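First comes the structure, then the notes that go with it.
The values are calculated or read from the model by the stated rules, or taken from the named source; none is laboratory data. Treat the numbers as computed from the prediction; the structure is a model and nothing was measured. As a convention, Cβ positions derive from the backbone with ideal geometry for all residues, glycine included, and neighbour counts pool all protein chains shown. Surface areas here come from the heavy atoms of the whole protein model, side chains and all, with no ligands, DNA or RNA. Shrake-Rupley method; radii C 1.70, N 1.55, O 1.52, S 1.80 Å.
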Amino acid sequence: MLHRTDVADRRGLILDFAGVLTASPIDVHRAWCVSEGLAPGAWRSTLNDHPEGRRLYDALEIGEIGQAEWNEGTAALLGAHVDPVNLMGRAWAGVPAARRMVALARAASHRLALLSNSFGLDPFNPYEHVGIWDLFDVHVVSELVGMAKPDPAIYELALERIGLPAERCVFVDDHAVNLPPAADLGITTVHVTDEDAAVAELEALLGVTAVLAA
């Protein structure tokens, strides 16, 4: 889904975190599961398909529980042998930054907003771990604002905080379900399925070039 306006009129770039500013975590999570003596798909199936796992993750996203409490509850679901201490951090520590997307964000002269469904901030802060927090003028993190994508209200809050009308903003996310509420507000949307392709699309839309550090 893509709505175009002239480059000269576009002044805000709103970026999701996981899968946009990081590489896809799927392979890292599968390898981590194996290292913990679990089936390769145990992480995703527990968080997405197990009713209690889904409930815990939904509660974590909007700040109803903290990461430490989530660690305890989810470790028990994964297996009695799984250590709950810094569970989220251990699973996510090996997920690298998306270097070209981060380079594009650094190169952009536009106002930058982070719009992220949280997976906790303490004891493991994924944004600081990857080193992207200070890139942004505005941070809209679901845990901190009590709502999550695709709730239309969180996109409205991002626009309010970035201080720009929807038609002057671009929103980038790797989950297709998160794009329509932004598009309905008039925000240009870019769906990330491949980092290089998404960066090339954004370079054309924004009139910037992502340059990797040597």
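Within segment 152-189, the set of residues being polar (S, T, N, Q) and out of contact with any His (no Cβ under 6 Å at 6 or more places or on another chain) comprises 178, 189. Any residue in segment 198-214 that's in contact (Cβ under 8 Å) with a residue 24 or more places away in the chain: show its pairings with residues that are assigned to a loop (DSSP other than H, G, I, E, B) and not hydrophobic (A, V, I, L, M, F, W, C) at Cβ separation under 6 Å, as long as the two are six or more apart or on different chains. From segment 198-214, the pairs are 203/209. The residues of segment 40-71 that are crowded, with 19+ Cβ neighbours inside 10 Å and not hydrophobic (A, V, I, L, M, F, W, C), listed by number, are 46, 53, 57, 61, 67, 71. One residue stands out in segment 55-71 among those that are assigned to a loop (DSSP other than H, G, I, E, B) and touching a residue at least 12 places away in the same chain (Cβ under 8 Å): the one that is farthest from residue 151 (Cα to Cα), namely 66. Filtering segment 183-197 to residues that are outside any loop (DSSP other than H, G, I, E, B), touching a residue at least 60 places away in the same chain (Cβ under 8 Å) and within 17 Å of residue 115 (Cα to Cα) leaves 183, 188, 189, 190, 191. The set of residues in segment 152-173 being open to solvent by less than 40 Å² (accessible area, probe 1.4 Å) and touching a strand residue (DSSP E or B) at 6+ places or on another chain (Cβ under 8 Å) consists of 154, 155, 157, 158, 159, 162, 164, 169, 170, 171, 172, 173. One residue is enough: does segment 72-91 have a residue meeting the conditions open to solvent by 60 Å² or more (accessible area, probe 1.4 Å), touching a Gly at 6+ places or on another chain (Cβ under 8 Å) and in a helix (DSSP H, G or I)? No, because not a single residue in segment 72-91 is open to solvent by 60 Å² or more (accessible area, probe 1.4 Å), touching a Gly at 6+ places or on another chain (Cβ under 8 Å) and in a helix (DSSP H, G or I).
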